[in-house]
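Engineer: Below are the structure tokens for one structure; questions will follow.
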Amino acid sequence: MGRITLDKVKKAFGEVEVIPPLDLTIEDGEFVVFVGPSGCGKSTLLRLIAGLEDVSGGQIRIDGQDATHAPPSKRGLAMVFQSYALYPHMSVRKNIAFPMKMAGVPQEEQNRKIDAAAKALNLTDYLERRPGQLSGGQRQRVAIGRAIVREPAAFLFDEPLSNLDAALRVGMRLEISELHERLKTTMIYVTHDQVEAMTMADKIVVLRAGVIEQVGSPLELYRTPRNLFVAGFIGSPKMNLIQGQEAKKYSAGTIGIRPEHCLLSTDSGTWEGTVVVSEHLGSDTFLYVDLKDHGTVTVRGNGEVSLHHGDRVFITPDMEKLHRFDDKGLRMP
Amino acid sequence: MARVVTPAQKSINTAAAWVVALIIFFPILWTFLTSFKPEEVAVASPPVFVGFDWTMQNYHDVIAQRGYGSYFWNSVVISVGSTVLGMIIAIPAAWAMAFVHGKRTKDLLMWMLSTKMMPAAGVLVPIYLMGKSLGLIDTRFMLMIVLMLMNLPIIVWMLYTYFREIPGDILEAARMDGANLMSEILYVLTPMAIPGIASTLLLNVILAWNESFWTLNLTTFQAAPLTKFIAGFSSPQGLFYGKLSAASVMAIVPIMVIGWFSQKQLVRGLTFGAVK
Ligand SMILES: Nc1ncnc2c1ncn2[C@@H]1O[C@H](COP(=O)(O)OP(=O)(O)O)[C@@H](O)[C@H]1O
Ligand SMILES: [Mg+2]
């Protein structure tokens, strides 16, 4: 079981309030991703849940039990760090065994679990090595192995993939998702990468300056961002935001349209502009188009589009998928 | 940019290095030579460095008459004992300063170090009186405690610098893995800091071994270490240069042997923070 409830939890470092009072419930078995720009307090929030930082106020409950002041070792949570934080002086086997050793698990059971974890994580041949002799991906797997053997109430991941190269990152992303499918244990995953958030999460928590901007499933956030910040943060490439005269036509302060919701034409359309840059990715083409009066927008075309710098184009937004925001940046119905 | 060194410059540098090394080493060499001279040669002025009759008489006398063994044993017990005691206190202290940083941690460290700047003679009387009223004068126990306290700021500082090199993540990982404070320090911090801890240990054994102010003032015979043994030969009445030198050589040889064999460890430890 791993239901985690934060009740008016806040955190200040000295005078600086990093997390104003915040409420959040994480259901048992959920894969929750905390996402937000660097420095917004994601790690701090995770560390509060872990018990590595003390809260400045509020209550943390794990499975209904008050854990606000419990030390990390008593919370039954496992954490995977960005730096992996493996014990450099211990072999892979000893690293994975460490939490079980601390819990006083009998030796035979330890061995059985280590072997099972090593098999699942492709580490069987590396059990006697030191972490220093492993690649980044292998180290990450050892860190995950160390986390799973203790069968925690929840896993906490703090940007676990950001030290890996791009190709490996995609692979590990899948592995972690599979792990969640298999174990069905609560996972809280911190990242600044919205792609990771979109692809892995059951529920995304978007944070800005310690404040929760929106909580929802990836598609909810994509379809109905609650405000400009979420609109700009979720989705890649970013949603186009247009203010001023054009927005007024829709009686909004700002209108937003995603690059993939624009129709491209060379002879007619709502907005006229010239191509600044075109990026061919094979499957898609992204065009950066300078609209005379409304700034630059990004448009997705299919991979066959052959338009170049200086070409004249017309863009028609899909009205169904147009987002409207008021002067305060909040979503309008 | 690589510096170009001509062969001539290189030989000048080498020669200069040798001269400096000899100057530093000379007193030890002189002591060593003197310890093998008959007493009348030992006091000769100008000193004789070659062509005297080598004799083991000084060593013979010193060991036979003065009971070198018990002084030696006291030195071992006091230096090792005070170091071990110091470590037991300093490791948790340095852990706290390195990993549970407070606003005043730096001040606290500076204050601890500043106590080392105080002349020891300034607190001799109170410490002596305390020792006396507790019946601890001339006991190895008292010396262990006093030397431990004297070296504690240095031990804490050294360990603190080594511990700061250890990523806090790893200790936090241990906490998440269910380790309590004791296990965290025992199974994770200490093994990772072995080079630093080893060099701190060695340096402190050496400092305690060589310490003479407190050992001379707080002991008479029972707990007297080698420093007292040497001092016993420097009485103004006699011609004891030869024996004094023999005693000195016997006092420094054990620690030089330890130093020699642990050179690598010592250097690695002392530069632990620098190589990364
Ligand atoms: N131990 C600390 N002392 C003071 N300020 C801190 C500490 N840890 C984090 N902060 C501050 O809290 C804010 C949030 O940090 P963090 O949670 O690490 O952000 P994120 O993980 O989202 O990048 C930052 O402004 C950071 O400077
Ligand atoms: Mg972070």
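The values are calculated or read from the model by the stated rules, or taken from the named source; none is laboratory data. A quick note: this is a predicted structure, and the numbers were derived from the prediction, not measured. Neighbour counts are summed over all protein chains in view; Cβ atoms, including those assigned to glycine, are modelled from backbone coordinates with ideal geometry. The area values use the complete protein model at the heavy-atom level, side chains included, leaving out ligands, DNA and RNA. Shrake-Rupley method; radii C 1.70, N 1.55, O 1.52, S 1.80 Å.
Engineer: Just name the residue that is nearest to A:LEU77 (Cα to Cα) out of those in region B:168-187 that are more than 7 Å from chain A (Cβ to nearest Cβ) and open to solvent by 50 Å² or more (accessible area, probe 1.4 Å).
Structural biologist: Residues of region B:168-187 that are more than 7 Å from chain A (Cβ to nearest Cβ), as a first pass: B:168, B:171, B:174, B:181-182, B:184-187.
Add one more test, that the residue is open to solvent by 50 Å² or more (accessible area, probe 1.4 Å), and what stays is B:181-182, B:186-187.
On the way: B:LEU181: 17, B:MET182: 20, B:LEU186: 22, B:TYR187: 20 Å.
The selected residue is B:LEU181.
Engineer: Pick out the one residue from A:GLU213, A:GLU246 that is closer than 30 Å to A:PHE34 by Cβ and surrounded by 15 or more Cβ atoms within 10 Å (Cβ to Cβ).
Structural biologist: Values: A:GLU246 fails: closer than 30 Å to A:PHE34 by Cβ.
Among A:GLU213, A:GLU246, only A:GLU213 is closer than 30 Å to A:PHE34 by Cβ and surrounded by 15 or more Cβ atoms within 10 Å (Cβ to Cβ).
Engineer: Got a sec? Which of A:LEU48, A:LEU86 is among the aliphatic types (A, V, I, L, M) and out of contact with any Pro (no Cβ under 9 Å at 6 or more places or on another chain)?
Structural biologist: Numbers: A:LEU86 fails: out of contact with any Pro (no Cβ under 9 Å at 6 or more places or on another chain).
Going through A:LEU48, A:LEU86 in turn, just one is among the aliphatic types (A, V, I, L, M) and out of contact with any Pro (no Cβ under 9 Å at 6 or more places or on another chain): A:LEU48.
Engineer: Hey, can you tell me all the residues within region A:208-232 that are outside any strand (DSSP E or B), within 16 Å of ligand 2 (Cβ to nearest atom) and more than 28 Å from A:ALA147 (Cβ to Cβ)?
Structural biologist: A:ALA209
Engineer: Quick check on my filter: what residues within region A:322-333 are open to solvent by 70 Å² or more (accessible area, probe 1.4 Å) and in a loop (DSSP other than H, G, I, E, B)?
Structural biologist: Going residue by residue through region A:322-333, those that are open to solvent by 70 Å² or more (accessible area, probe 1.4 Å) are A:327-328, A:330-331, A:333.
Within region A:322-333, A:ASP327, A:LYS328, A:PRO333 qualify.
Engineer: Out of region A:175-192, which residues are open to solvent by 40 Å² or more (accessible area, probe 1.4 Å) and either within 14 Å of ligand 2 (Cβ to nearest atom) or within 14 Å of chain B (Cβ to nearest Cβ) (or both)? Give the steps one after another, and end with the answer.
Structural biologist: Looking only at region A:175-192, we keep the residues that are open to solvent by 40 Å² or more (accessible area, probe 1.4 Å), and these are A:175, A:178, A:181-184, A:192.
Correct list: A:HIS192 only.
Engineer: Another question, if that's okay. Please determine, by comparing only the residues of region A:1-11 that are part of a strand (DSSP E or B) and open to solvent by less than 30 Å² (accessible area, probe 1.4 Å), which one is farthest from ligand 1 (Cβ to nearest atom). Give the derivation first.
Structural biologist: First, the residues of region A:1-11 that are part of a strand (DSSP E or B): A:4-11.
Imposing the further condition that a residue be open to solvent by less than 30 Å² (accessible area, probe 1.4 Å) reduces the set to A:4-6, A:9, A:11.
Details: A:ILE4: 17, A:THR5: 20, A:LEU6: 15, A:VAL9: 13, A:LYS11: 8 Å.
Selected residue: A:THR5.
Engineer: Based on what the data block shows, is B:THR14 more than 30 Å from B:MET250 (Cβ to Cβ) and polar (S, T, N, Q)?
Structural biologist: So B:THR14 passes the test.
Every residue, every condition in (1) part of a strand (DSSP E or B); (2) more than 20 Å from A:TYR222 (Cβ to Cβ); (3) under 26 Å from the mean Cα position of the chain (by Cα), yes or no:
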| residue | (1), (2), (3) |
| --- | --- |
| A:GLU246 | no, yes, no |
| A:SER251 | no, yes, no |
| A:GLU260 | no, no, yes |
| A:LEU264 | yes, yes, no |
| A:GLY282 | no, yes, no |
| A:VAL297 | yes, no, yes |
| A:LEU307 | no, yes, no |
| A:THR316 | yes, yes, no |
| A:GLU320 | no, no, no |
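Engineer: Which condition from (1) of a type outside the set (Asp, Glu); (2) over 14 Å from B:ILE91 (Cα atoms); (3) open to solvent by 50 Å² or more (accessible area, probe 1.4 Å) is the one that B:THR161 breaks?
Structural biologist: Exception for B:THR161: condition (2).
Engineer: What's the number of the only condition in (1) open to solvent by less than 30 Å² (accessible area, probe 1.4 Å); (2) more than 16 Å from ligand 1 (Cβ to nearest atom) that A:GLY64 fails to meet?
Structural biologist: (1)
Engineer: Tally the residues that are in a helix (DSSP H, G or I) and open to solvent by 60 Å² or more (accessible area, probe 1.4 Å), restricting the search to region A:161-174. Explain how you work it out, then say what you get.
Structural biologist: First pass over region A:161-174, keeping only residues in a helix (DSSP H, G or I): A:166-174.
Subsequent filtering for residues that are open to solvent by 60 Å² or more (accessible area, probe 1.4 Å) retains A:166-170, A:174.
Total meeting the criteria: 6.
Engineer: Give me the residue from region A:25-47 that is within 14 Å of chain B (Cβ to nearest Cβ) and open to solvent by less than 40 Å² (accessible area, probe 1.4 Å) and, out of that set, farthest from ligand 1 (Cβ to nearest atom).
Structural biologist: From region A:25-47, those within 14 Å of chain B (Cβ to nearest Cβ) are A:43-44, A:46-47; that's our starting set.
Narrowing the set further to residues that are open to solvent by less than 40 Å² (accessible area, probe 1.4 Å) leaves A:44, A:46.
Details: A:THR44: 3, A:LEU46: 8 Å.
Of everything passing the filter in region A:25-47, A:LEU46 is farthest from ligand 1 (Cβ to nearest atom).
Engineer: From B:LEU203, B:LEU136, B:LEU143, B:LEU124, which residue is more than 14 Å from chain A (Cβ to nearest Cβ), open to solvent by less than 20 Å² (accessible area, probe 1.4 Å) and either among the β-branched types (Val, Ile, Thr) or under 25 Å from the mean Cα position of the chain (by Cα) (or both)?
Structural biologist: Working: B:LEU203 fails: open to solvent by less than 20 Å² (accessible area, probe 1.4 Å); B:LEU136 fails: open to solvent by less than 20 Å² (accessible area, probe 1.4 Å); B:LEU124 fails: open to solvent by less than 20 Å² (accessible area, probe 1.4 Å).
Just a single option satisfies the conditions, and that option is B:LEU143.
Engineer: Select, from B:THR190, B:THR227, B:THR220, the only residue that is in contact with a Phe, Trp or Tyr (Cβ under 9 Å, 6 or more places away or on another chain) and either touching a residue at least 24 places away in the same chain (Cβ under 8 Å) or within 14 Å of chain A (Cβ to nearest Cβ) (or both).
Structural biologist: Details: B:THR190 fails: in contact with a Phe, Trp or Tyr (Cβ under 9 Å, 6 or more places away or on another chain); B:THR220 fails: in contact with a Phe, Trp or Tyr (Cβ under 9 Å, 6 or more places away or on another chain).
Being in contact with a Phe, Trp or Tyr (Cβ under 9 Å, 6 or more places away or on another chain) and either touching a residue at least 24 places away in the same chain (Cβ under 8 Å) or within 14 Å of chain A (Cβ to nearest Cβ) (or both) holds for just one of B:THR190, B:THR227, B:THR220, which is B:THR227.
Engineer: Checking the condition open to solvent by less than 60 Å² (accessible area, probe 1.4 Å) and within 16 Å of ligand 2 (Cβ to nearest atom), which residue from A:VAL195, A:VAL205, A:VAL142 passes?
Structural biologist: Values: A:VAL195 fails: within 16 Å of ligand 2 (Cβ to nearest atom); A:VAL142 fails: within 16 Å of ligand 2 (Cβ to nearest atom).
Only one candidate qualifies: A:VAL205.
Engineer: Is there a residue in region A:189-211 that is in the same structural domain as A:PHE31 (by TED's automatic domain parsing), more than 22 Å from A:ILE49 (Cβ to Cβ) and among the polar types (S, T, N, Q)?
Structural biologist: yes
Engineer: How many residues are within 16 Å of ligand 2 (Cβ to nearest atom), touching a residue at least 60 places away in the same chain (Cβ under 8 Å) and among the aliphatic types (A, V, I, L, M) when one looks only at region A:33-82?
Structural biologist: So the count comes out to 8.
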